[in-house]
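Everything below concerns the one structure shown next.
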Amino acid sequence: MTCFFCKGDMEIGVTTHCTELNSCIVVIKNVPCHVCSQCGAVVYMLDVGKKLEQIIASTRNSLSEVAIINYSSAAA
């Protein structure tokens, strides 16, 4: 697979995904992805993207300002 931005080689790896949901910051660690070895761009596979949406939606009613979630635990 080649990078959409710089045409470098994409390697399998993990990353930390951060997003803001209302007044809560959601941090999801150890998310499987493809990472460009040249520019560092991150691409998620379709199933991982869907699972990220589910994890984020499940924190919507969280009472905390910051939620830190391990992907492998939440995706199981």
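Only a single criterion out of (1) of a type in the set (Asp, Glu); (2) without any contact (Cβ under 8 Å) to a residue 12 or more places away in the chain; (3) over 21 Å from Gly13 (Cβ atoms) is not satisfied by Glu65, namely (2). The set of residues in region 44-71 being crowded, with 16+ Cβ neighbours inside 10 Å and at pLDDT 95 or above consists of Tyr44, Val48, Lys51, Leu52, Tyr71. Would you be able to say whether some residue in region 18-26 is touching a Cys at 6+ places or on another chain (Cβ under 8 Å) and open to solvent by less than 90 Å² (accessible area, probe 1.4 Å)? Yes, there is a match, as at least one residue in region 18-26 is touching a Cys at 6+ places or on another chain (Cβ under 8 Å) and open to solvent by less than 90 Å² (accessible area, probe 1.4 Å).
Residue pairs whose Cβ atoms lie under 6 Å apart, separated by 6 or more positions or on different chains, with the first residue in region 40-56 and under 23 Å from Lys7 (Cβ atoms) and the second open to solvent by 70 Å² or more (accessible area, probe 1.4 Å) and not aliphatic (A, V, I, L, M), are Ala41/Phe5.
The values are calculated or read from the model by the stated rules, or taken from the named source; none is laboratory data. What you see is a predicted model; the values in this text were computed from it and never measured. Note: ideal-geometry Cβ built from the backbone for every residue, glycine included; neighbour counts use all protein chains shown. Just so you know, the surface numbers come from the protein's heavy atoms only, side chains and all, with ligands and any DNA or RNA stripped out. Shrake-Rupley method; radii C 1.70, N 1.55, O 1.52, S 1.80 Å.
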